[in-house]
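S.K.: Just dropping this structure here.
The values are calculated or read from the model by the stated rules, or taken from the named source; none is laboratory data. Since this is a predicted model, take the numbers as computed values, not measurements. Cβ sites come from the backbone with ideal geometry, for glycine too, and all protein chains shown count toward neighbours. Please note that ligands, DNA and RNA were not included when accessible areas were found on the heavy atoms of the full protein model with its side chains. Shrake-Rupley method; radii C 1.70, N 1.55, O 1.52, S 1.80 Å.
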Amino acid sequence: REKTLFLLTVGMLEEHGPHLPIAADTIGVEYEAERVADRLARTLPDWKIVMMPVVNYGSSGANQIGSAASHPGTYGVRQSTLRSLVADIGGQIAQNRFKWVFVMNGHGAPTHHIAVNDACDFVSEVFNATMVNVSGLFNADAAIQSQGEKIRARHFSPADLDAFGLDPHAGLSETSGILAIRPDLVRSSYRSLSAYRVQNRSEMRDVAARPRWPGYFSSPASATAAYGRDVEGWWVEGMTDLILQGVRGENLFTRPRWPGPMQNDPKYGQIVEQILQPEREFETKFERWLGERRNR
């Protein structure tokens with residue numbers, strides 16, 4: 001048990017514009033997890049690497065950025081549900097006296113990662129195990145992110161990158177990634193899609209709230225499989241290295257992690273409240289229905 005390592009992958013079913021599959025997050029993280037497992041097995045030949053079945057449902061679809069509580073391409077779970085689900089799985093692994101659980105996420109929503117971080121902290125503290133949201137560490141690691149900037153600079157000019165703006169969802173990077181690993185699932189129409197440039201979260205919210213927003217940011221039309229292969233390799237290498245640092249004794253709990261300092265920003269708090277309010281309303285309806293059913 002001291003040398004058994006669990007990988008738990010968490011994806012999402014979420015609208016990804018008119019050109020990508022709604023399971024893009026799941027497809028990407030499963031691909032990465034398989035390659036992380038291969039690298040770990042080669043580097044740690046006396047360890048057992050256990051791949052848990054993927055959790056297909058995450059929290060907070062991109063449609064919620066623009067205050068659309070539901071969307072015909074998004075099927076997630078409440079933040080509280082995701083937190084409980086990850087804690088349940090990790091807690092049972094730990095209660096069976098295994099010591100290492102690393103969670104890999106294909107979905108980047110801050111509320112999603114908060115749920116996973118909470119679950120990992122609970123399992124680690126209560127059951128004396130090490131359960132870590134390795135994707136959250138990846139997203140907040142300055143050295144790793146600088147490597148990502150170098151990859152972008154190899155493939156695109158400064159003028160291109162400025163024109164793309166932020167690239168958080170279904171745009172340049174995600175389209176390139178799926179082109180690299182599952183090109184059969186990318187509609188050829190991606191080449192003719194208009195760019196949606198945003199520079200900050202406020203602009204993201206404004207763009208996503210437009211009546212005909214097509215469900216992506218940045219420039220899918222500029223995507224290439226070559227860039228996607230480099231991005232996927234960057235993710236695999238970075239997450240493998242973080243996991244190896246953990247099992248070799250480094251304290252990963254002292255590292256910055258996504259969404260980190262954002263949680264102290266009042267504007268961020270307003271966004272979270274906007275996203276979670278429909279979930280609370282749903283939960284209230286559900287609990288009321290359960291209570292009424294018991295009293296029938």
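S.K.: Just one of (1) surrounded by fewer than 16 Cβ atoms within 10 Å (Cβ to Cβ); (2) under 21 Å from VAL101 (Cβ atoms) trips up VAL236, so point out which.
M.R.: (1)
S.K.: Only one residue in ALA68, ALA87 is part of a helix (DSSP H, G or I) and either among the charged types (D, E, K, R) or out of contact with any Lys or Arg (no Cβ under 8 Å at 6 or more places or on another chain) (or both), so which one is that?
M.R.: Numbers: ALA68 fails: part of a helix (DSSP H, G or I).
ALA87 is the lone residue from the list that is part of a helix (DSSP H, G or I) and either among the charged types (D, E, K, R) or out of contact with any Lys or Arg (no Cβ under 8 Å at 6 or more places or on another chain) (or both).
S.K.: Here's another thing I want to ask about it. What are the pairs with Cβ atoms under 8 angstrom where one residue, in segment 69-81, is closer than 18 Å to VAL272 by Cα and the other, located anywhere, is assigned to a helix (DSSP H, G or I) and open to solvent by 50 Å² or more (accessible area, probe 1.4 Å)? Sequence gap at least six, or different chains.
M.R.: Matching pairs, first to second residue: VAL77/LEU85; ARG78/PHE282; ARG78/GLU283; SER80/GLU283.
Listed here are the residues, each with its yes/no results for (1) aliphatic (A, V, I, L, M); (2) without any contact (Cβ under 8 Å) to a residue 60 or more places away in the chain.
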position: SER157; (1), (2): no, yes
position: PRO183; (1), (2): no, yes
position: SER189; (1), (2): no, no
position: SER194; (1), (2): no, yes
position: GLN199; (1), (2): no, yes
position: VAL207; (1), (2): yes, no
position: PRO220; (1), (2): no, no
position: THR240; (1), (2): no, no
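S.K.: Return the residue satisfying two criteria in turn: it lies in segment 15-38 and is aliphatic (A, V, I, L, M) and not in a loop (DSSP other than H, G, I, E, B), and of such residues it is surrounded by the fewest Cβ atoms within 10 Å (Cβ to Cβ). So that I can check it myself, show each step before the final result.
M.R.: Step one: list which residues in segment 15-38 are aliphatic (A, V, I, L, M), which gives 20, 22-24, 27, 29, 33, 36-37.
Checking which are not in a loop (DSSP other than H, G, I, E, B) leaves us with 24, 27, 29, 33, 36-37.
Working: ALA24: 28, ILE27: 20, VAL29: 26, ALA33: 22, VAL36: 27, ALA37: 18.
Looking at residues that are aliphatic (A, V, I, L, M) and not in a loop (DSSP other than H, G, I, E, B), I get ALA37.
S.K.: If you don't mind, another one. What is the residue count in segment 1-14 for residues that are of a type outside the set (Val, Ile, Thr) and open to solvent by 10 Å² or more (accessible area, probe 1.4 Å)?
M.R.: Narrowing segment 1-14 to residues of a type outside the set (Val, Ile, Thr): 1-3, 5-8, 11-14.
Now narrow it down to the ones that are open to solvent by 10 Å² or more (accessible area, probe 1.4 Å): 1-3, 6, 13.
Selection size over segment 1-14: 5.
S.K.: Does segment 125-134 contain any residue that is assigned to a helix (DSSP H, G or I) and within 15 Å of the chain's Cα centre (by Cα)?
M.R.: Start the filter on segment 125-134 by keeping residues that are assigned to a helix (DSSP H, G or I), which leaves 125-127, 134.
When the remaining residues are screened for being within 15 Å of the chain's Cα centre (by Cα), the result is 134.
Yes: segment 125-134 contains one or more residues that are assigned to a helix (DSSP H, G or I) and within 15 Å of the chain's Cα centre (by Cα).
S.K.: If you take the residues in segment 185-230 that are of a type in the set (Ser, Thr, Tyr) and open to solvent by 60 Å² or more (accessible area, probe 1.4 Å), which one is farthest from the chain's Cα centre (by Cα)?
M.R.: First, the residues of segment 185-230 that are of a type in the set (Ser, Thr, Tyr): 188-190, 192, 194, 196, 202, 216, 218-219, 222, 224, 227.
With open to solvent by 60 Å² or more (accessible area, probe 1.4 Å) added as a condition, the list becomes 188, 192, 194.
Details: SER188: 25, SER192: 27, SER194: 25 Å.
Among residues in segment 185-230 that are of a type in the set (Ser, Thr, Tyr) and open to solvent by 60 Å² or more (accessible area, probe 1.4 Å), the one farthest from the chain's Cα centre (by Cα) is SER192.
S.K.: While we're on this one: Can you name every residue in segment 142-184 that is of a type in the set (A, V, I, L, M) and surrounded by 15 or more Cβ atoms within 10 Å (Cβ to Cβ)? Give the steps one after another, and end with the answer.
M.R.: Just the residues of segment 142-184 that are of a type in the set (A, V, I, L, M), to begin with: 142-144, 151, 153, 159, 161, 163, 166, 170, 172, 178-181.
Answer for segment 142-184, where residues must be of a type in the set (A, V, I, L, M) and surrounded by 15 or more Cβ atoms within 10 Å (Cβ to Cβ): ILE144, ILE151, LEU161, LEU166, ALA170, LEU172, ILE178, LEU179, ALA180, ILE181.
S.K.: Just one of TYR216, TYR268 is touching a residue at least 12 places away in the same chain (Cβ under 8 Å), hydroxyl-bearing (Ser, Thr, Tyr) and either in a helix (DSSP H, G or I) or more than 21 Å from ILE27 (Cα to Cα) (or both); which is it?
M.R.: Numbers: TYR216 fails: either in a helix (DSSP H, G or I) or more than 21 Å from ILE27 (Cα to Cα) (or both).
When all the criteria are applied, what remains is TYR268.
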